[in-house]
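**Student:** Structure provided below as structure tokens; questions to follow.
The values are calculated or read from the model by the stated rules, or taken from the named source; none is laboratory data. Model, not experiment: these values are computed from the prediction. We place every Cβ from the backbone using ideal geometry, glycine too, and count neighbours over all the protein chains shown. Just the protein is used for accessible areas: all its heavy atoms, side chains included, with ligands, DNA and RNA removed. Shrake-Rupley method; radii C 1.70, N 1.55, O 1.52, S 1.80 Å.
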Amino acid sequence: MSAEQLSGGDRMITHVRVNGLRFSYPGQESVLEGVDLEVLGGEKIGLIGPNGSGKTTLFMLLAGVLTPDAGSVDILGSSVTPGRFNPDLGFVFQNPDDQLFCPTVMEDVEFGLLNRGFSAGESRSMAETYLGRTGMLHLSQRPPHDLSGGEKRMVSIAGVMIMEPAVVILDEPESSLDGRSRRMLIEFLKRTDETMMIASHDLEFLLEVCGRTVMLDGGTISADGPSREIMGDRELMEAHGFEKPHSLVPHADPHHQ
Ligand code: ADP
């Protein structure tokens, strides 16, 4: 969904509803033990939690890659059917190599639109737009496997966003990015109007992009609220193994000592 399509009213619509979600991998202890979550249109949610807390598992359940043991997931009011492609949801995988498979960057980014029946001309022009927005247009004729980790990630994001899904989930999108690519990604994500859930350990990154933070720990949601409030709560953060982000720690001003 583009910025133009997302009217003010859509922001009040529930885009994601998760109810009593439970999941365990076969023969393992349970990962999710009753997750409830509502995400409104246009919200950008930072999903934090220790390693192994189930962030990727929750994303796989939202995408219908895994089947819940109990509970439900609705995207735009329709219940997610495991195994069925959902055009309303875009998933940017943790590893861009899982996403890129065409001979050139351009072909990779336009693939989804061509597959959906858009003309070659329309697909090419949209791919140019999205490669431009992600700063990757100059690489359009390069084979994706030759690119750096950061470039691959930006191309895989362009390939997902071009489909204009209502909800985009991104699993650690900032990992392996250098400073310049990380900044480019932050600015790109801040400018988009899509509903987003972003799992990351980079709290400063999430503070810049996401107004709301949800913390997953012990199989349930242990905190949910404005990012600055959640991450600024030292006791809460330390109780779940996090440090309060540096930018939220008050610093003594050497000129006023
Ligand atoms: P996070 O993304 O928060 O690091 P994950 O969702 O990847 O957490 O993993 C949650 C738990 O499920 C971990 O204990 C992990 O070892 C386990 N797990 C993840 N994938 C599988 C799998 N395919 N089979 C069995 N256990 C898994």
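**Student:** For Leu114 and Glu229, FRET efficiency with R0 = 41 Å and r from the beta-carbon atoms, rounded to 0.05?
**Tutor:** Efficiency, from the Cβ-Cβ distance: 0.40.
**Student:** Roll a 1.4 angstrom probe over the protein heavy atoms and tell me the percent of accessible area of the range 106-190 that is carbon or sulfur.
**Tutor:** The value for the range 106-190 is 49 percent carbon and sulfur by accessible area.
**Student:** Any idea how far apart Asp69 and Ala239 come out in nm if each label point goes 7 Å out from Cα toward Cβ?
**Tutor:** In this crude label model, Asp69 to Ala239 measures out at 2.5 nm.
**Student:** I'd like to know which of Cys102, Gly117, Ala127 lies farthest towards the positive end of the charge dipole of the range 94-183, counting +1 on Cβ of Lys and Arg and -1 on Cβ of Asp and Glu.
**Tutor:** After comparing all options, I get Ala127.
**Student:** So what does Arg234 come to for accessible area, using a 1.4 Å probe and Å² rounded to 10?
**Tutor:** 110
**Student:** Counting only heavy atoms of the protein chains, get the accessible area per residue of the range 1-112 (1.4 Å probe) and round it to a whole Å² value.
**Tutor:** In whole numbers, the range 1-112 has 48 Å² accessible per residue.
**Student:** Another question about this same structure. In terms of modelled amide H atoms, which long-range or inter-chain residues lie less than 5 Å from the amide H of Asp193?
**Tutor:** Ala3
**Student:** Over all distinct Cα pairs, what is the inverse of the mean 1/r for the chain, reported as the Kirkwood hydrodynamic radius in Å?
**Tutor:** Values: mean 1/r = 0.0522 Å⁻¹.
Result for the chain, one decimal place: 19.2 Å.
**Student:** At 1.4 Å probe size, what's the solvent-accessible area of His246? Round to the nearest 10 Å².
**Tutor:** Estimated to the nearest 10 Å², His246 gives 130 Å².
**Student:** Using a cut-off of under 13 Å, list every residue of the range 144-182 whose amide N is near the label point 7 Å from the Cα of Thr129 along the Cα-to-beta-carbon line.
**Tutor:** Once the point is set 7 Å along Cα→Cβ of Thr129, 161-165 turn out to lie under 13 Å by backbone N, inside the range 144-182.
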